[in-house]
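The values are calculated or read from the model by the stated rules, or taken from the named source; none is laboratory data. On a predicted model such as this, the values are computed, not experimentally measured, just so you know. Here the Cβ is made from the backbone with ideal geometry for all residues, glycine too, and neighbour counts use every protein chain on show. With ligands, DNA and RNA removed, areas are computed over all heavy atoms of the protein, side chains included. Shrake-Rupley method; radii C 1.70, N 1.55, O 1.52, S 1.80 Å.
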There are 4 protein chains.
Amino acid sequence: MARHDSNADPAWRWEEHRWRGAIEKIRAGRSLHPVRWKDGARVCVALSFDSDHETSTLGHGSMSPGPLSQGQYGARAAIPRILALLRRHDIRASFFVPAVVALLHPDEQRRLVDEGHEVAMHGWIHEMPGQLTETVERDLMRRAYETLAKIAGRRPVGVRVPAWDFSPTTVGLIRELGLLYDSSLMADDEPYELLEDGEPTGIVELPVEWIKDDAPYFVRNRAPATVLDIFKAEFEGAVAEGGLFLLTMHPHIIGHRSRITLLAELIEHIKRVDGVWFATHEEVARYCLAHG
Amino acid sequence: MARHDSNADPAWRWEEHRWRGAIEKIRAGRSLHPVRWKDGARVCVALSFDSDHETSTLGHGSMSPGPLSQGQYGARAAIPRILALLRRHDIRASFFVPAVVALLHPDEQRRLVDEGHEVAMHGWIHEMPGQLTETVERDLMRRAYETLAKIAGRRPVGVRVPAWDFSPTTVGLIRELGLLYDSSLMADDEPYELLEDGEPTGIVELPVEWIKDDAPYFVRNRAPATVLDIFKAEFEGAVAEGGLFLLTMHPHIIGHRSRITLLAELIEHIKRVDGVWFATHEEVARYCLAHG
Amino acid sequence: MARHDSNADPAWRWEEHRWRGAIEKIRAGRSLHPVRWKDGARVCVALSFDSDHETSTLGHGSMSPGPLSQGQYGARAAIPRILALLRRHDIRASFFVPAVVALLHPDEQRRLVDEGHEVAMHGWIHEMPGQLTETVERDLMRRAYETLAKIAGRRPVGVRVPAWDFSPTTVGLIRELGLLYDSSLMADDEPYELLEDGEPTGIVELPVEWIKDDAPYFVRNRAPATVLDIFKAEFEGAVAEGGLFLLTMHPHIIGHRSRITLLAELIEHIKRVDGVWFATHEEVARYCLAHG
Amino acid sequence: MARHDSNADPAWRWEEHRWRGAIEKIRAGRSLHPVRWKDGARVCVALSFDSDHETSTLGHGSMSPGPLSQGQYGARAAIPRILALLRRHDIRASFFVPAVVALLHPDEQRRLVDEGHEVAMHGWIHEMPGQLTETVERDLMRRAYETLAKIAGRRPVGVRVPAWDFSPTTVGLIRELGLLYDSSLMADDEPYELLEDGEPTGIVELPVEWIKDDAPYFVRNRAPATVLDIFKAEFEGAVAEGGLFLLTMHPHIIGHRSRITLLAELIEHIKRVDGVWFATHEEVARYCLAHG
């Protein structure tokens, strides 16, 4: 699929049906924000880790040993630290895993499942779906689905699109696979139902945001003190609104010695609040679909 | 309009009439800084929100669902939080709205007007005026003017050019539409009259600055503590000089849980000072034209 | 002068005479760090302002009204604030002024001289000397020299090359004009004599550094608290080494309400130390040449 | 070696043997993390300085006097400050020196050796190995090896690849030269043995990370307070895990007045902990090979 050439076809020339069609292709529908969370909890906290590991390099077609070693750090040094922290706090989280990472590190995925965590879809090799034809996107999603099901011993029920690069055809493929939820879009803080061309799809969206992601801060700015303040403020906002605090992290980013302490501090901060429900993305999606 | 090729035609080759002509095309004229503000206030505070929503994506010719959902957040999650905050503090503000946003969210614009806020012009689809011919720029400005007038039920009296990309022909089109003010240029902290080719135009400029804009901090740096300090320092400077503190924000940027608290803190900080006049841009422009 | 194509002619292929010749073309010679500063001062503080104003836009061949208005802010709003601050503290500083800025704002330059400040060279229209032929560079430097001499009523004795883009031919042109000093290079914290092809030139270099410049912080990062800490630490280092603290600023950058207070705080911090000599660049260069 | 064109040959098309081969070409093997450090120390601290000096400019094929003077600062102003600090604290460190820097500053290298520091390899002229053919990479590594041996009076036993741009052929050349260790890859915090195509090589990897490097913070962000916090947190993590804290710095970056104080504070912070072993990279590599 060729990229749009905005010089040859500038948006101010588009007829109304065209920009309206673009808007309505995929859009937020009814809110699934439940009146109260499970067992009367005031706020829901869903921690997720995108285990990109070596595919953050391979996905760009690079085979350079240096960046690949940075990815291997995710599996070798970071995942053990993350699991130790989650175990210490008795928290279950969701791990979004590209199929190639599952093939390179199958024991890691089995260990995640054994410890009660969710393993969900995150593309084949961290490709960019928005640059693929629908045929290729379908083929990669199906192979990713089957690979994860086989290695993790359980069919995935959710997906986070690599680089959050949701394509206009992604939602149709999610429906073909019968998935419960997506977690790649950003139209709200609270869960909502996805609309396709204005029609309800039954798919739960668990929205993400760059604000609630470790990568933009650490890859560019490297400012841990500020990051902790922002994550706490987002959590406080979720408490005030009785809502969801969903956080995206990456093992090879958050798993370093100077950063895992930030996640530890955040969890301790959250635990000081009464009425917190820590849940996997799957649990949140099922609960919201039933009570939203 | 082709972009200037600075290699083929470097500025050091230009004759004096050429660089002088460029300088004088649009320039700051007499100051409209009033001796005192309305009812004897010491300082004037003008809050504005550029409601780009989905046009921050469409304007670049992109139809990608992810960035579009980030824009939809502005309408769905951010505007309600902003209106609640303004209502709580009994403040009227100005909203600069691209015509396509008004067409996509007409109820939002009517609600703004109902709550006493100003709805003003912000282009057709967040296009870049500096890249348009005068004919296209005129056509888009007229359609934007008529669209806003129809949806908001009141003719707009001011404009903020999308991306502050004021073209050499913009001022002529502002005069054709009979607008009161522009708020896109940066030659002063205080209101001034625009000169065109050295001649007074009668148009009030309410100057902006990237320093007093949420976007450069949050899109790039994401450092809320620092931003609040800078905004407070700009406000203190305005108090010290008996001047104007004009702030530009964007719903889809400032409206997040971890950022709306920053605006709340800023407003509380401002309210601790005696003699503050909170005004819409229209009110400021009318007052300065009469008393500047 | 075409830019070097590092793919066609990579540096690892160069013979020794070539990389050694590049190194020795312009290089730091003997230190001119005096044993003590004037009247026994412990430390020397040289404040400078590069008055780029509108040429920071024109120099790139742009005539866009928005960026030009940002430059006009330097002359209209910032210079008065800077002069008021320097007057309050009885400090003389150096202003590096492109010739086109002097032609656009002749009264400003005369006022600087009247208040005891130095007006020195800063190119014709803020062009990049490293991209010019020697003939063009010579012509622009001569016209800039004559323009400044005529408007300021006094021949300039020093130069800061625009964008610090010192070319291999710049030093020869400085000698042709008989200038006392340059302030564009970075080989030391203390003044030194420039060598050309290994030979002493008699020209004083007053070194600069991006660390001691307002632009990299405010154009990109906008983090004033940190900047003040860094500037103070550089000053403390100069005190500890009995050296020079030379600071580069830009009126249209430092002159904003939230930033001029930073300069005010820095000056107050410096004045708390005993034995500070505030000097113009010319005074520093003359003193170091006599006592270095 | 041409760069990979990821559009013509996207990674999602690769067969398993291809991405698996890329991963296994160079990979982390068995951990060499010793049960305890020398003389029962709890933690090992290895400080290193990449003395790029003028080659940080020459390496890109640039001969611009300004950037070259910034490099000369490393030799002229920074190295003396760094050596004074290390001497005051009786610490031996490792300096990674491009051969061209050794040829330009031979006395500096001899002084390093005289004061007990290690001088190790860092390329010929700070070229990018990943862009070279194997033949060129071999020739430059051999010449660099011989140049350092001759000037420093001792054969180097380790290498840090310029820009950490480890190529698929680098490990073979390290074996040809019989080096003890590399310090350019990032798969762990603790030393490990390098695997080539899955086979142990006997080469010790002393891993680096951008987190523990001065350049990303100061070249981009210039935020010293934060940097000190991050370095301290990395050190605390090493203490907690009984591991290695390896820090990469650059004289022309860390050696400025406002930054050398950061290194001084860090060293004082580290020295407050009991059981710290400060070691050169060579000492760490030999110890880990014997006890890891």
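Data overview
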{"item": "Count of residues meeting criterion [more than 21 Å from D:Leu86 (Cα to Cα) and either assigned to a helix (DSSP H, G or I) or within 19 Å of the chain's Cα centre (by Cα) (or both)] in the stretch D:239-250", "result": "3"}
{"item": "Search result, residues across the stretch B:191-218 that are hydroxyl-bearing (Ser, Thr, Tyr) and modelled with pLDDT of 95 or more", "result": "B:Tyr192, B:Thr201"}
{"item": "Residue list for the stretch D:80-99, restricted to those being assigned to a helix (DSSP H, G or I) and within 17 Å of the chain's Cα centre (by Cα)", "result": "D:Ile82, D:Ala99"}
{"item": "Test result for A:Ala8, of a type in the set (Gly, Ala, Ser) and either open to solvent by 60 Å² or more (accessible area, probe 1.4 Å) or touching a Cys at 6+ places or on another chain (Cβ under 9 Å) (or both)", "result": "yes"}
{"item": "Within the stretch D:225-239, tally of residues that are more than 7 Å from every other protein chain (Cβ to nearest Cβ) and farther than 17 Å from D:Met249 by Cβ", "result": "2"}
{"item": "Test for D:Ala22: is it closer than 20 Å to D:Phe166 by Cα, within 14 Å of another protein chain (Cβ to nearest Cβ) and surrounded by 23 or more Cβ atoms within 10 Å (Cβ to Cβ)", "result": "no"}
{"item": "Residue list for the stretch D:169-185, restricted to those being surrounded by fewer than 16 Cβ atoms within 10 Å (Cβ to Cβ) and within 14 Å of D:Ala285 (Cβ to Cβ)", "result": "D:Gly178"}
{"item": "Selection within the stretch B:143-152 - open to solvent by 20 Å² or more (accessible area, probe 1.4 Å) and either small (Gly, Ala, Ser) or within 13 Å of another protein chain (Cβ to nearest Cβ) (or both)", "result": "B:Arg143, B:Thr147, B:Ala149"}
{"item": "D:Thr248 open to solvent by less than 10 Å² (accessible area, probe 1.4 Å) and among the polar types (S, T, N, Q)", "result": "yes"}
{"item": "Test: residue in the stretch A:210-217 that is more than 9 Å from chain B (Cβ to nearest Cβ), within 13 Å of the chain's Cα centre (by Cα) and of a type outside the set (A, V, I, L, M)", "result": "yes"}
{"item": "Residues satisfying the stated conditions in the stretch D:101-141, i.e. over 17 Å from the mean Cα position of the chain (by Cα) and either closer than 21 Å to D:Gln72 by Cα or open to solvent by less than 20 Å² (accessible area, probe 1.4 Å) (or both)", "result": "D:Leu103, D:Leu104, D:His105, D:Pro106, D:Asp107, D:Glu108, D:Arg110, D:Arg111, D:Val113, D:Leu132, D:Glu137, D:Leu140"}
{"item": "Residue list for the stretch B:169-179, restricted to those being away from chain C (no Cβ under 11 Å) and assigned to a helix (DSSP H, G or I)", "result": "B:Gly172, B:Leu173, B:Ile174, B:Arg175, B:Glu176, B:Leu177"}
{"item": "Residue count, the stretch A:242-268 (criterion: without any contact (Cβ under 8 Å) to a residue 40 or more places away in the chain and either touching a Pro at 6+ places or on another chain (Cβ under 6 Å) or closer than 18 Å to B:Arg257 by Cβ (or both))", "result": "2"}
{"item": "In the stretch B:180-207, the residues that are assigned to a loop (DSSP other than H, G, I, E, B), at the interface with another protein chain (Cβ under 9 Å from one of its Cβ atoms) and not polar (S, T, N, Q)", "result": "B:Leu185, B:Met186, B:Ala187, B:Asp188, B:Asp189, B:Glu190, B:Pro207"}
{"item": "Residue list for the stretch A:251-283, restricted to those being more than 14 Å from chain D (Cβ to nearest Cβ), over 19 Å from the mean Cα position of the chain (by Cα) and open to solvent by 10 Å² or more (accessible area, probe 1.4 Å)", "result": "A:Glu268, A:His269, A:Lys271, A:Arg272, A:Val273, A:Asp274, A:Gly275, A:Val276"}
{"item": "Residue ID - least open to solvent (accessible area, probe 1.4 Å), chosen from residues in the stretch A:33-68 that are more than 8 Å from chain D (Cβ to nearest Cβ) and at positive phi", "result": "A:His53"}
{"item": "Of all residues making up the stretch B:118-138, the number that are farther than 25 Å from B:Glu108 by Cβ and not in a loop (DSSP other than H, G, I, E, B)", "result": "7"}
{"item": "The stretch A:240-250, subset in contact with a Leu (Cβ under 8 Å, 6 or more places away or on another chain) and farther than 20 Å from A:Arg30 by Cβ, residue nearest to the other protein chains (Cβ to nearest Cβ)", "result": "A:Leu247"}
{"item": "All positions within the stretch D:153-168 that are farther than 20 Å from C:Ala11 by Cβ, part of a loop (DSSP other than H, G, I, E, B) and open to solvent by less than 30 Å² (accessible area, probe 1.4 Å)", "result": "D:Pro156, D:Val157"}
{"item": "Test: residue in the stretch C:229-238 that is within 20 Å of C:Ala84 (Cβ to Cβ) and open to solvent by 10 Å² or more (accessible area, probe 1.4 Å)", "result": "no"}
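One line per residue, one yes/no per condition, for (1) assigned to a loop (DSSP other than H, G, I, E, B); (2) within 17 Å of B:Ser94 (Cβ to Cβ); (3) of a type in the set (A, V, I, L, M):
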{"residue": "B:His17", "(1), (2), (3)": "no, no, no"}
{"residue": "B:Gly21", "(1), (2), (3)": "no, no, no"}
{"residue": "B:Glu24", "(1), (2), (3)": "no, no, no"}
{"residue": "B:Arg27", "(1), (2), (3)": "no, no, no"}
{"residue": "B:Arg30", "(1), (2), (3)": "no, no, no"}
{"residue": "B:Val35", "(1), (2), (3)": "yes, no, yes"}
{"residue": "B:Val45", "(1), (2), (3)": "no, yes, yes"}
{"residue": "B:Ser48", "(1), (2), (3)": "no, yes, no"}
{"residue": "B:Gly61", "(1), (2), (3)": "yes, no, no"}
